[in-house]
Every structure is written in C-alpha cells, then in structure tokens.
Amino acid sequence: MKVLVTGGAGFVGSHIVDQALEAGYEVSVIDDLSTGKKGQVNPYASFYEMNIASPDVERVIRQEMPDFIIHQAAQSSVPISLKDPIGDATTNIIGTVNLLEAARRHGVRKVVYASSAAVYGEPQYMGIDEVHPKQPLSPYGISKYVPEFYLNAYHHLYGLNYTAFRYANVYGERQDPKGEGGVVSIFVDRALAGQELTVFGDGEQTRDFVYVQDVARANIMALAGGDNEILNISTNQKTSVNQLIALMEEALGSKLAVKYEAPREGDIMHSYLDNTSATEKLGWKPRYSLQEGLTKTLRFYQVSK
Ligand SMILES: NC(=O)c1ccc[n+]([C@@H]2O[C@H](COP(=O)([O-])OP(=O)(O)OC[C@H]3O[C@@H](n4cnc5c(N)ncnc54)[C@H](O)[C@@H]3O)[C@@H](O)[C@H]2O)c1
C-alpha cells in the first residue's frame, strides 16, 4: 500500500514517514523545504520538492497513485500568519483544496489531515473536546479550520474518506528551535547551549504537550480506522511552563537559569485537550509521559550537538 506524506521533511511529517516505512507502506513525500529539511526525509521514501498549491501536485499523484495521503504540509506559524495572512491562506487552504482535487480524481481512498488546537481559540471550558466552540483567533487558526469543512464536503460529494486530527502542542526530536518552534525545543536548545530560559509571565500558564512519536502513531493508525472523524490528539493533561522547566532540570540533573518577563499579549493562559474521542474512535492513547518524551528529546539534541 502506498502513502503520500505532504510536509514529510518537517518536524511531525518526517516522523510519520519513518513510522509508515516501518509499518511496511511504500512512501512518497511532497515538501517545498520552506521550513523542512531534505536531510530529515527518510532515504527509503521518494521525494518531490514541490509546493502543495502547485498544479504539478496532480502529476505526482497520477504518477504515484497513493492509497492514502497524510497531509502535514502547512505554513505552521501563528506569528507568520499574522504578518502574511495571504501566504498562510494560500498554503493552508488553497494548497489543501489543490491536494483534495487531485486526490479525488485519482482514486485516493483517504486523506489524514493535521488540524490544530488553534481552531478553538480562547478556551471556554477544560478539557477542550471536539464540540467546544470554534473561534480561531489568528489567520493560522482559521486556515487550519477551513480545510476540515472541505474534507467533510469531499467525503459527502465524492466518497473520499478522511480523519482530521487537532494536535495539541507537539514536541520532540527534529522540532526546529530556530523557526517558530514550540517552547520545548526552544528551552532544550537554550538549556544545552548553557543559556538562560525566558518565560513570559509567571510560568504558571499551562499547555498540553504531546510527544511527536505518539502523534505520528495516531496518523499511522488512521490509515486503518477513525474514518470521517475529527479527533483531538493530546495528553488530556495540563503542564505549566514552570513544571516543564522542573522536569527538564530533573532529566539534565542540573538547575537552569530562568528569566521571567512580562506576559505576551494574546497568549492563552491555560489549555488542554480532551482525547477521549481518539481513544474511543481510533483506539489511540499517548504512550509517552512528558518526562519520557522530554528525556528522549534531550538525548537527541545532546547527541546531535
Ligand atoms: N507542531 C505543533 O505543535 C503543531 C500543532 C498543531 C498543528 N500542527 C500542524 O501539524 C503539521 C506539521 O507541523 P510541524 O510542526 O511539523 O511543522 P513544520 O513546519 O516542521 O512542517 C511543515 C512542513 O511543510 C512544508 N511546507 C510548508 N509549506 C509548504 C508548501 N506550500 N508546499 C509544500 N510543503 C510545504 C515545510 O517545508 C515543512 O517541511 C502542520 O500542518 C501544522 O499546522 C502542528
């Protein structure tokens, strides 16, 4: 069976490629390398350097004839979406529609899509479940949400199956600390360089940190289940930034220098996502605790430094 992974040179996508190959799938990748790295693409996958919004995507799908598409390629930064909402919408919305058009024309059975917790906006209750109101507060949150409607419509119009995952804060190996990487990759990078960590606010703000290998496994499981569902991929647990720092200190066996600055405007104070539906409808549960995932992430960066 064949899987096409878009964004397979990126953080989450490259782990999906690895796990799909391990599971015995034949894998191809489309990525324009705007944030991804060619060196992260597993050499056993075929690689197409291409923009997902390009008409050439149809040629690749015609040639590869994938059974499944796992769609991770995206403009994945909230701040960039504020600076360039048109570029953000072009990649995340038009790029996805371009892919869906090619998919339905060439007999793709299913598209697995990476949506985001950003679709919910300001939390109105916790844990946030899939029926929580959707009021995205950034162009990125909107551009990740709109494709969910296309997926549902393409299922009804053309019988194209889908699973859409709303990821919480993903962390782990290969997350780029230099770009718009998550707090974990930034902290790990600074800690290993002996630099001070900057916390905005008092550090009591909480997030739901889910390990990348658990996220990749959910995507592989969706090739065999969870059809036409929208599911949170999360740990159902909130961790404060201060707790995260304490766990890092424990894993490193040393104290870290931390500087507290004024909170950033617009930052959400608390957030965690209910993952009951992913367990019930897909049989997925995270396997890694934050401590285990953090330790693996730290080891990876220690070795690659
Ligand atoms: N990392 C997180 O915490 C998180 C949370 C929620 C949702 N997501 C979603 O998960 C997916 C993967 O995110 P990530 O953290 O791995 O980001 P990433 O930036 O590392 O990966 C995205 C990949 O897509 C590629 N890409 C970008 N624009 C493209 C285009 N126009 N054509 C082809 N390729 C393009 C990039 O080069 C990169 O390799 C994204 O869809 C993102 O929106 C991520």
*In the range 56-72, is there at least one residue being more than 22 Å from Tyr162 (Cα to Cα) and in the same structural domain as Ala224 (by TED's automatic domain parsing)?*
yes
*Residue selected from the range 11-64 under the condition aromatic (Phe, Trp, Tyr) and without any contact (Cβ under 8 Å) to a residue 60 or more places away in the chain, by the criterion surrounded by the fewest Cβ atoms within 10 Å (Cβ to Cβ)*: Tyr44
*Enumerate the helices (runs of 4 or more DSSP H) found wholly within the range 1-113, keeping only those where 2 or more residues are within 9 Å of the ligand (Cβ to nearest atom).*
11-22
*Which of the residues that make up the range 210-229 are under 22 Å from Arg174 (Cα atoms) and either open to solvent by less than 10 Å² (accessible area, probe 1.4 Å) or part of a loop (DSSP other than H, G, I, E, B) (or both)?*
Val210, Tyr211, Val212, Asp214, Val215, Ala216, Ala218, Asn219
*Test Asp202 against the criterion of being in contact with a Pro (Cβ under 9 Å, 6 or more places away or on another chain), of a type outside the set (A, V, I, L, M, F, W, C) and assigned by TED's automatic domain parsing to the domain that holds Ser138, and give yes or no.*
no
*Assess whether Leu282 counts as being under 23 Å from Val215 (Cα atoms) and either of a type in the set (S, T, N, Q) or crowded, with 16+ Cβ neighbours inside 10 Å (or both).*
yes
*Sort out which residues of the range 156-189 are open to solvent by 50 Å² or more (accessible area, probe 1.4 Å) and closer than 17 Å to Leu252 by Cβ, and write them in order of number.*
Ile186
*Applying the selection to the range 238-264, what residues are outside any helix (DSSP H, G or I) and surrounded by 13 or more Cβ atoms within 10 Å (Cβ to Cβ)?*
Lys238, Thr239, Ser240, Leu256, Val258, Tyr260, Pro263
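Assess whether Ile128 counts as being of a type in the set (A, V, I, L, M), within 15 Å of Gly13 (Cβ to Cβ) and crowded, with 21+ Cβ neighbours inside 10 Å.
Taking the combined requirement at face value, the residue does not satisfy it.
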*Among (1) outside the structural domain of Ile86 (by TED's automatic domain parsing); (2) open to solvent by 50 Å² or more (accessible area, probe 1.4 Å), the one test that Leu192 misses*: (2)
*Return the residue satisfying two criteria in turn: it lies in the range 138-188 and is in contact with a Ser or Thr (Cβ under 8 Å, 6 or more places away or on another chain) and part of a strand (DSSP E or B), and of such residues it is farthest from Ala118 (Cα to Cα).*
Tyr171
_Among the residues of the range 230-237, are any at pLDDT 95 or above, part of a strand (DSSP E or B), in contact with a Ser or Thr (Cβ under 6 Å, 6 or more places away or on another chain) and not aliphatic (A, V, I, L, M)?_
no
*Ser271 versus (1) at pLDDT 95 or above; (2) assigned to a loop (DSSP other than H, G, I, E, B); (3) open to solvent by less than 50 Å² (accessible area, probe 1.4 Å): which is the lone unmet condition?*
(1)
*Quick one: which residue in Met126, Met65 is within 22 Å of Leu21 (Cα to Cα) and not aromatic (Phe, Trp, Tyr)?*
Met65
_Based on this model, can you work out whether Lys144 counts as within 14 Å of the ligand (Cβ to nearest atom) and closer than 30 Å to Ile86 by Cα?_
yes
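The values are calculated or read from the model by the stated rules, or taken from the named source; none is laboratory data. Owing to the predicted nature of the structure, the values given are computational and were not obtained by experimental measurement. Glycine also receives a Cβ, built like all others from the backbone with ideal geometry; neighbour counts cover every protein chain displayed. The accessibility values were calculated without ligands, DNA or RNA, using every heavy atom of the protein model including side chains. Shrake-Rupley method; radii C 1.70, N 1.55, O 1.52, S 1.80 Å.
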